[in-house]
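Everything below concerns the one structure shown next.
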Amino acid sequence: MNTKKKILLVEDHPIFRLGLAELINQEADLIASGESKDVDSAIKEIESVTPDLIIADISLKHSDGIDLVRHVKKHYPHIPVLVLSMHDEYLYAQRALHAGAKGYIMKQEAMESVVGAIHHVLAGKVYLNDSVKEHILSNITGTSDIRKKSPIDQLTDREMQVFKLIGKGYSSREIAVRLFLSIKTIGTYRERIKTKLNLKHANELVRCAVHFEKTGQVTTIPE
């Protein structure tokens, strides 16, 4: 009888995905039993594989890992999701947890920590490293160090979603279609993002969004 826990990998970088799969398959009680590169294919894989746990990158090529977390929480609440990210943990950990994730791990530490994180989450616990725990507790108690805060913390989840899609190269019309919103609404979100990030014009917004998508850092990119 096969008692291995099935892990579905949702990651759009094939080499990193292969590395994770090999690491997982070395464990006697785990098996990487499905792979996807975006949210749509992941949803199909969930039906086919019926995984015990999903590992999802927060930044996928044509979609957003947070959307997958929300979908799983709504339709498959018994399947925990462990979120991977290359981005600053202070920017995304709380967003991921609010969406329903059961753990958050930085890609830089994934190869060293992912197996322990998987077992932690499969045991019914929430996995966070010590620095993320401290940051979240500081936010709750109101003692967070302002120097660690980023302007992007001001963005709502929807504004963040629009910002990330701008960084991926989508036009306002394309974003409107993807999010089932009007172009006018997307324009409103763009203006709010510019205000919150202190950006002066559309080109600056695009450069900032592209830079963030590549580096996970928010900065004004000079002309």
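Here are the numbers for this structure:
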quantity: Count of residues meeting criterion [part of a helix (DSSP H, G or I) and farther than 20 Å from residue 92 by Cβ] in region 179-204; calculated: 13
quantity: Residue that is surrounded by the fewest Cβ atoms within 10 Å (Cβ to Cβ) [pool: residues in region 45-57 that are closer than 18 Å to residue 19 by Cβ and in contact with a Phe, Trp or Tyr (Cβ under 9 Å, 6 or more places away or on another chain)]; calculated: 57
quantity: Condition check for residue 209: under 22 Å from the mean Cα position of the chain (by Cα), modelled with pLDDT of 90 or more and either on the phi > 0 side of the Ramachandran plot or of a type in the set (A, V, I, L, M) (or both); calculated: yes
quantity: Region 141-198, residues that are modelled with pLDDT under 85, of a type in the set (Val, Ile, Thr) and under 17 Å from the mean Cα position of the chain (by Cα); calculated: 152
quantity: Given (1) in contact (Cβ under 8 Å) with a residue 40 or more places away in the chain; (2) farther than 22 Å from residue 137 by Cα; (3) crowded, with 21+ Cβ neighbours inside 10 Å, index of the condition residue 23 fails; calculated: (3)
quantity: Where a residue in region 58-70 is closer than 12 Å to residue 213 by Cβ and assigned by TED's automatic domain parsing to the domain that holds residue 95 and its partner, wherever it lies, is at pLDDT 80 or above and among the polar types (S, T, N, Q), with Cβ under 8 Å and at least six apart; calculated: 58/85; 59/85; 64/161
quantity: Residues being among the small types (Gly, Ala, Ser) and under 17 Å from residue 151 (Cβ atoms) - total across region 185-203; calculated: 0
quantity: Among (1) over 15 Å from the mean Cα position of the chain (by Cα); (2) loosely packed, with under 15 Cβ neighbours inside 10 Å; (3) over 30 Å from residue 180 (Cβ atoms) - the single one residue 78 does not satisfy; calculated: (3)
quantity: Filter pass, residue 8 being buried (at least 19 other Cβ atoms within 10 Å of the Cβ), in contact with a Pro (Cβ under 6 Å, 6 or more places away or on another chain) and within 23 Å of residue 93 (Cβ to Cβ); calculated: yes
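The values are calculated or read from the model by the stated rules, or taken from the named source; none is laboratory data. Here the structure is a predicted model, which is why all the values come from computation and not from measurement. Cβ: placed from backbone, ideal geometry, glycine included. Neighbour counts: every protein chain shown.
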